[in-house]
Amino acid sequence: MTDTSANIIKFPEDFLWGVSASHFQIEGYPTEVESRLSDWSRWTEEEGRILDGSNADRACEFHKRYLDDIELIGELNLKAYRTSLNWAALMPEAPGTAVSERQFAPLVVEYYRDLFSRLKEKGIKVFVTLFHFCLPDWLAEEGGWTSERIADEFEVFAALARKHFGDLVDYWMTVNEPMAYIYQGYVAGNWPPGASHDYLGAFVTIRSMLAAHARAYHALKGGDEAVQVSFANHWRPFAPERKWSPLDLMVTHYRERVFNHIFPESIDAGGLKIPAPLSGRKEFRELEGEIAGLKKSMDFLAVNYYTRELSRFDLSWPPDLFGTRSNRADYPVNGLGWEVYPEGFYRVLTSDINPYLTDIKGRQRPVFVTENGFATLFSPELSGGDWSLSDRERCDYLISHLVVLKKAIEAGVNIKGYLHWSLTDNFEWSEGLTPRFGLVRVSYEDQVRKLRESAELYSKIAAANALETIDR
Ligand code: FCB
């Protein structure tokens, strides 16, 4: 006979339960789509860029359906919502005016004000990211993050965001997952600007994003200490594919330092230091040094976590930071081949983020998990029926990650909330509409939303502020 007993895991009283998304992946914003206002919107038009040939022209039609989706968030007992601003729709034209005279498009302001106000009316905390991978096309044409004007433009964007939405936003994030973006856009070439193995471009972008983050941080705060600003970092524990190989260990260490730490480390230090061996080259070394306003410009920690990465030394040319991501998996994987590895989440929360736990005044920074989720694969054409409503694997992923999150709280980490990626299925960048990250299924043809089992489970967890696990 098996011994079965239930454990109730309680979360702290003020713990925030929520969901996370980004504008391009859900909105289908009409002016953006019609006039191809962003680099991403244009990118989806290029042959072969999106694996399943889909695009984000409709996505979840969130722009039309947000009232219903807010209802859903409420019904699921959630109290936090994260999305990003559509920079391209807010600032659709290349500026002909002086920086001080720049404006946001009034209709787009109205939409976001309505969205945020309605969330607030339901007692839902609003988390907003300024840059979640999409640039206005006019800015991308000027070189995007490698353009000389980018920090000025980002500061204007931030100042206007504060002016129009400051009264409604609880937590700001300047940029989302800078290293994931830089890797995909400058090394792998899967995302705009589509450069490949352009390490100098990658490091120029690291520097300019840090500078732009600093400018936006201060513009968003506008001198008000109480305004909470950070950036969302993608944390990925790295491990060597072959534990016994000194070369695998070396590239693992190198990739981990750059991918996980270069942003938070530079922010706390107030400047950029180029890691070896790139620091041996003059054009890289010239990017080093202090960055104005950067030091400690991070009020809370925004942690995105999905999986770990196995790395191996690789001599193929051109080199991918002297190593490569292994295709091996030692644990079960999600639809995209990402290992389900809750131990890594524990490691991130209790060890990898340790150097960054205190703010400029020596206070403990609050930690929010701003993304965590599981993908299944279903073609965008599916509609009706009961496909994918039973998502046991997503439920298991959720439970196993919440169990270790609670352990991290018990170990003393100041974790204040968890935002699951994502409320609904959405457009997963170069992978298209096939990967489904939603607690709520979307059939793209008719846009019908249906709760998956994981939505019911998550809603119960949020209502009880507790999780029940069964030991067998
Ligand atoms: C993260 C991105 C987010 C989404 C999830 C699955 O890296 O921030 O936009 O695509 O992965």
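Worth a mention:
- Exclusive hit being over 23 Å from Glu45 (Cα atoms) and either touching a helix residue (DSSP H, G or I) at 6+ places or on another chain (Cβ under 9 Å) or within 16 Å of the ligand (Cβ to nearest atom) (or both), set Leu135, Leu85, Leu90, Leu76: Leu76
- Hits in region 350-362 (condition: over 12 Å from Phe238 (Cα atoms) and either out of contact with any Phe, Trp or Tyr (no Cβ under 8 Å at 6 or more places or on another chain) or charged (D, E, K, R) (or both)): Thr350, Ser351, Asn354, Pro355, Tyr356, Leu357, Thr358, Asp359, Ile360, Lys361, Gly362
- Failed item, numbered, when Thr44 is tested on (1) touching a residue at least 24 places away in the same chain (Cβ under 8 Å); (2) within 16 Å of the ligand (Cβ to nearest atom): (1)
- Taking the criterion of being open to solvent by less than 10 Å² (accessible area, probe 1.4 Å) and of a type in the set (D, E, K, R), the only residue of region 340-370 that qualifies is Arg365.
- Only one of Gly335, Gly362 that is within 16 Å of the ligand (Cβ to nearest atom) and either within 25 Å of Tyr199 (Cβ to Cβ) or outside any strand (DSSP E or B) (or both): Gly335
- Only one entry in Phe284, Phe263, Phe259, Phe231 is in a strand (DSSP E or B) and surrounded by 15 or more Cβ atoms within 10 Å (Cβ to Cβ), namely Phe231.
- The C-beta contact set for region 448-459 (first residue open to solvent by less than 40 Å² (accessible area, probe 1.4 Å), second residue part of a helix (DSSP H, G or I) and modelled with pLDDT of 95 or more, distance under 8 angstrom, 6+ apart or interchain) comprises Arg452/Arg394; Ser454/Arg394; Ser454/Cys395; Ser454/Leu398; Tyr458/Leu398; Ser459/Glu75.
- Some residue of region 424-444 being over 22 Å from the mean Cα position of the chain (by Cα) and either closer than 30 Å to Pro192 by Cβ or within 16 Å of the ligand (Cβ to nearest atom) (or both): yes
- Members of region 115-132 that are in contact (Cβ under 8 Å) with a residue 12 or more places away in the chain and either assigned to a helix (DSSP H, G or I) or within 16 Å of the ligand (Cβ to nearest atom) (or both): Leu115, Phe116, Ser117, Arg118, Leu119, Lys120, Phe127, Val128, Thr129, Leu130, Phe131, His132
- Only one entry of Leu405, Leu398 meets the criterion of being assigned to a helix (DSSP H, G or I), on the phi < 0 side of the Ramachandran plot and within 15 Å of the ligand (Cβ to nearest atom), and that entry is Leu398.
- The residues of region 119-137 that are on the phi < 0 side of the Ramachandran plot and surrounded by fewer than 17 Cβ atoms within 10 Å (Cβ to Cβ), listed by number, are Lys120, Glu121, Lys122.
- Exactly one residue out of Gly438, Gly373, Gly417 is in a strand (DSSP E or B) and either open to solvent by less than 20 Å² (accessible area, probe 1.4 Å) or at negative phi (or both): that is Gly417.
- Of Arg255, Arg325, all but one fail to be under 30 Å from His420 (Cβ atoms), within 16 Å of the ligand (Cβ to nearest atom) and modelled with pLDDT under 95; the exception is Arg325.
- Looking only at region 163-212, and only at residues there that are of a type in the set (A, V, I, L, M, F, W, C) and assigned to a loop (DSSP other than H, G, I, E, B), the one that is nearest to the ligand (Cβ to nearest atom): Trp191
- Counting the residues of region 67-89 that are more than 20 Å from the chain's Cα centre (by Cα) and open to solvent by 10 Å² or more (accessible area, probe 1.4 Å) gives 7.
- When Pro95 is tested against (1) open to solvent by less than 40 Å² (accessible area, probe 1.4 Å); (2) at pLDDT 95 or above, only condition (2) is not met.
- Any pair with Cβ under 6 angstrom, 6 or more apart, that starts in region 188-208 at a residue that is over 15 Å from Trp40 (Cβ atoms) and at pLDDT below 95 and ends at one that is surrounded by 20 or more Cβ atoms within 10 Å (Cβ to Cβ) and aliphatic (A, V, I, L, M): none
- Any hit, region 269-276, residues being within 16 Å of the ligand (Cβ to nearest atom) and open to solvent by less than 20 Å² (accessible area, probe 1.4 Å): no
- Hey, Glu393 crowded, with 18+ Cβ neighbours inside 10 Å, of a type in the set (D, E, K, R) and under 24 Å from the mean Cα position of the chain (by Cα) or not: no
The values are calculated or read from the model by the stated rules, or taken from the named source; none is laboratory data. These numbers come from a predicted model, not from an experiment. So basically every Cβ, Gly included, is an ideal-geometry build from the backbone, and we count neighbours across all protein chains shown. Please note that ligands, DNA and RNA were not included when accessible areas were found on the heavy atoms of the full protein model with its side chains. Shrake-Rupley method; radii C 1.70, N 1.55, O 1.52, S 1.80 Å.
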